[in-house]
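First comes the structure, then the notes that go with it.
Readers should treat all values here as calculations from the given coordinates under stated rules, not as data from a laboratory. Note that the structure is predicted; figures quoted are calculated from it, not measured. For neighbour counting, all protein chains shown are included, and Cβ atoms are generated from backbone atoms with ideal geometry for every residue, glycine included.
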Ligand code: SAM
């Protein structure tokens, strides 16, 4: 690997929750006595047995810190009181890329539990109490068990007054034409996926159970449904996922069938989001490494009739917020070409617009994918949609 001694270790990522605190306050309190290093590499190369405590302020995502891999913050008051949230860097990309504005008229997180992106969204919109408690974020979570984790995180993060949690409810059942959905301006879609990018997980060892729509398409279903612990102290909270292990059977054969099922469901969700009449921005993300769940879904969505009808386009790299524009790892152009089938589509531009993260690199993230979609919405009165 690039490190020359195997994979790069995975740092402990810490998002400062700007609803309750700020970066300066955390550096002066929870992380007082830590030495700030300018590069992540310096932090990762440092010998774990060293007595020196190191910290790095991320250069892509605001209010994000990296600490050495073994750092346990789970007993600190800052973590327990929701002043900091343990969230992988890549998992912070969707809300940051979405760039929500209070004027957007409401945001919706379609697949919310355990709530990392919902609380990040709330922190961006309600940074330092910038706005009064306006419940302008809707968070859908169809699994009631997982929704209880979401409610706990909302409470801990102080986001409960900003977010209306739709516990046990299916995003696909919303009618975009009805109030209040007809005024939603921005959506985050972070659907169930293969989880192949999660640190510590083998790419073919298991597949996450998608929502009912996708699981109905699966030919073989494991009877045993294994749950991971609600809060995993070694990995970040995002890694809590629902799984069906498929190790015993024929992982590779089943994998392609399951990837088809997952991507069918992921595309369905994204196309449903395209129907929201006032929506101007959407992010689509997975913690998967597979093109089938990533670039292929993006390409199919862009080629859909609803995208053409409503004017949905990819959020091009040059239009992305600075930290995301600066991020070097981009989508795979070959994967876009596989689906394009149309010479007019600029596959290079679309691949460049897609953001990828690989695990085990010196960037220190989990494997992840995110793409943004944008459209112009006509002003009231002229909107024919
Ligand atoms: N965004 C979350 C975060 O950052 O903490 C992680 C989301 S996890 C990858 C996907 C979640 O979507 C699961 O909790 C799953 O139960 C939920 N889900 C899947 N299909 C859904 C649907 N149709 N409506 C609402 N929630 C759904």
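Annotations
- Among residues of the stretch 141-164 that are on the phi > 0 side of the Ramachandran plot, none has a beta-carbon under 8 Å from a residue that is assigned to a helix (DSSP H, G or I) and more than 9 Å from the ligand (Cβ to nearest atom) at least six positions away or on a different chain.
- Output for the stretch 157-170, where each listed residue is closer than 11 Å to residue 17 by Cα and more than 13 Å from the ligand (Cβ to nearest atom): 158
- Checking each residue in the stretch 174-203 for being more than 17 Å from the chain's Cα centre (by Cα) and near the ligand (Cβ under 8 Å from one of its atoms) picks out no residue at all.
- Any chance residue 278 is surrounded by fewer than 24 Cβ atoms within 10 Å (Cβ to Cβ), part of a loop (DSSP other than H, G, I, E, B) and either within 16 Å of the ligand (Cβ to nearest atom) or touching a residue at least 24 places away in the same chain (Cβ under 8 Å) (or both): yes
- Subset of the stretch 87-115 (residues that are closer than 25 Å to residue 330 by Cα, away from the ligand (no atom under 11 Å from the Cβ) and not in a loop (DSSP other than H, G, I, E, B)): 96, 97, 98
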